[in-house]
Structures are given as structure tokens and as C-alpha cells.
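The values are calculated or read from the model by the stated rules, or taken from the named source; none is laboratory data. Just so we're clear, the structure is a prediction, and the values are computed from it rather than from any experiment. Quick reminder, even Gly has a Cβ in these numbers, built from the backbone with ideal geometry, and neighbours come from all protein chains shown. Accessible surface areas use protein heavy atoms only, side chains included; no ligands, DNA or RNA. Shrake-Rupley method; radii C 1.70, N 1.55, O 1.52, S 1.80 Å.
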Amino acid sequence: MSEMYRSVIPSFRRDMRIPVHALVAFLVTAVTLGLAHTGLAQDSEFVLRGTIHAGATQMVAKDTRLAVADAQTLRIFDISEPEIPSIISQYEFADNILGLTLNRDVVYVANGHEGFQRLDVSNPSAPVVSGISPTRGQANAIAIVGPHAFVADNSVGFDVVRVIDDVARVGEYLADGFPRSIAAAGDFVFLVDQPEGLIVLDITTPETPEPIGQLPLGGTRSRVFVPQWLPGAPVPTVICVASGRDGLQVVDVSDPTVPTIAAQVPTSGQPRSVVLRAQEAFVLSETTLEVFDLSDPMQPVRVASHNVGTGAGAMAVNDELIFVAVADEILILARS
């Protein structure tokens, strides 16, 4: 039997010879198909452009400015030269900053029990609160569309606040549960209410938001994320929700009256911060920054990842840079 085995194997090897170039092509194709099947793609590189020595619980970036909230303290940095970022403004609020939006010379803040506040930073060395709108409970998040802010209240829904000229409360929405997160784009507000889930509201008439769609989220504490949107741009048809139980999920809102879960995003850890830009989702877990392509909402594909160490929390993204808060430091990263 052993002699037969030895005589057959050489013949088999001669018959099955494969050119080296064909074997390499086969292996590359197999690996590529395997990655595509698992929702992963070859990771692109990130480069460290600079650091900021500051803590951050909330961050938002726009153009050459980065607004950083750390408990009650707001700092604004000039990031036009990422290698040497410089602080240009600082302001102390009376309560913790729970929501933050930046519009060049104006910062909008959800300031807990102090309500909604508009901070004028046109003179960065002397920032001044130029408008206040008290909320009925605790202001914990903000979404801005045009001249209106939609300010989530931790216990009673959200307020509609006019943010131009004299700041004033002009409308409201009373939720059945506890609002946890809010986002907006075009004529729609997306509210996460616990335990009601995701609620889509039509804000064609901003003063009287009208609920038009709902997606149960299992009663868990969740957050909602919408692609950064500019007036005149198409309204996004894909958003994301994140929860401690279900992780990050893609939600199809092409029909806002019937929002549906399209896919689970295969993140490496529990999402701590998420930013959507165009068709990409930037996701920060405790140790890893990942970027996912959502152009096919039913098959998210990871296109980049980077280990940022331990203790990651807040994140912000602009057209060129990614800002990641780790312990008492903010990493300034760029894709190479």
C-alpha cells in the first residue's frame, strides 16, 4: 500500500502543476472575496498630525475651528495648522455641557438645568452669551436646522427655539417617554425616546412638529446620528442609531413614515462616539477608530481602522481631520 501511495503522488503532482502567477492571482482573489464577504476591506493608514492637551466630553469641528467641552468648560481651538493647534477662546458655563453645535462665530449649547444658550465668539478673546432659552427640565442635546434649534429635554420632549435675533422658545413637542438623543436634517427631526424608540417628526412648520414615523428600539437607552447636512443638499436617506444592547445599526429613512433597520455595523467594540459624513460612518470605540462605507446600507464595509489606545471617548470630524479624545489628550489624525 505504501509503495502504491508513493507511486501515485508524484503523478498527481505532475498533473496539478499551476503557474506561480496564476496561483498568486488565485490567492489574492480569494482573500479579497473573503474580506468582502465578512464586511471588511483593506485598512487605510492614519497619520498623527498633532495633539491637544485637554480633556473632552463633547467635541465638534467646523472648518478651522474645534469646539471642545469638558464638563462646564468650553474651549475653542484654531486648527488651521494641526501641528500647532492654539486655543483662541474659553468660557465657563454654569452647568455641564451636554450638547454642542458650532457655526463659525456662534456656539449653541445644551447646558443641563440652565437650558439652551447661544454663545457669541465673534470676538474670541471675549466670548459672551447672547441668548438664553430656559427649558422645562434638563437640556441634553441640540439639533440645528436653519434659524431653529431643537433642544431635547431629558424628561418632557423637546423645545423649538428661534436662534437668530432674539433667542426665544417658539414651539415644543411633548414625548411620552424620556428623550435621550436628537438630530435633524431638512424637514425632519429624529428623536430617540426611551422607551418609545426612534420617532421621526415633520418640521415643515417648525413651531408644531408632527410625528410621522416610529421605530421601536427595545426600550434601551439609544442615540441617533444623522449625516452632517447643509441647506439645499439632499435630505439623507440613511441614518444610524446606537445602543448598548444592539451596537450600531443603519436605519433606512428613505420613507420617513416607515423607518427600518437595514443592517448591523460590524464595529470592533461598543460605539462611544459616531459621526456620519456623506456615505461614511466614523465610529470610535474604547480603543479603535473605524470608518465604514455605507453606500450600500444593507452591507456596511469597514474601509479604515486605527488603534487609538485606551480610554477613548468624544470624537469630531471635519473635511480633512479626525479628532479623538483619549484620557486628557486629543489626537489630531488624518487619513494618508
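The sole residue among Leu217, Leu201, Leu230 that is within 13 Å of Pro259 (Cβ to Cβ) and part of a loop (DSSP other than H, G, I, E, B) is Leu217.
Scan the stretch 159-175 and give yes if some residue there is among the hydrophobic types (A, V, I, L, M, F, W, C), out of contact with any strand residue (DSSP E or B) (no Cβ under 7 Å at 6 or more places or on another chain) and more than 18 Å from Val200 (Cβ to Cβ), otherwise no.
yes
Here Arg118 clears all of (1) in contact (Cβ under 8 Å) with a residue 40 or more places away in the chain; (2) assigned to a strand (DSSP E or B); (3) farther than 16 Å from Leu191 by Cβ; (4) within 22 Å of the chain's Cα centre (by Cα) except the condition numbered (4).
Based on this model, can you work out whether Gly146 counts as within 23 Å of Ile239 (Cα to Cα) and in contact (Cβ under 8 Å) with a residue 60 or more places away in the chain? Yes; evaluated as a whole, the condition is true for this residue. Within the stretch 151-168, the only residue that satisfies the criterion of being out of contact with any Pro (no Cβ under 8 Å at 6 or more places or on another chain), assigned to a strand (DSSP E or B) and either open to solvent by 70 Å² or more (accessible area, probe 1.4 Å) or not aliphatic (A, V, I, L, M) (or both) is Asp159. Going through the stretch 169-187 one residue at a time, which ones are in contact with a Pro (Cβ under 6 Å, 6 or more places away or on another chain) and aromatic (Phe, Trp, Tyr)? Listed by number, the list holds a single entry, Tyr173. Taking the listed residues Val156, Val167, Val192, the one that is under 25 Å from Ala316 (Cα atoms) and of a type in the set (Val, Ile, Thr) is Val192, with no other qualifying. For the stretch 171-179, state whether one or more residues are under 20 Å from the mean Cα position of the chain (by Cα) and outside any strand (DSSP E or B). The answer is no; no qualifying residue exists.
Within the bounds of the stretch 110-117, is there any residue that is touching a strand residue (DSSP E or B) at 6+ places or on another chain (Cβ under 8 Å) and acidic (Asp, Glu)? Within the stretch 110-117, one or more residues are touching a strand residue (DSSP E or B) at 6+ places or on another chain (Cβ under 8 Å) and acidic (Asp, Glu). Filtered by the rule that a residue be touching a Lys or Arg at 6+ places or on another chain (Cβ under 9 Å), closer than 22 Å to Ala61 by Cβ and buried (at least 22 other Cβ atoms within 10 Å of the Cβ), the stretch 184-226 gives a lone residue, Val224.
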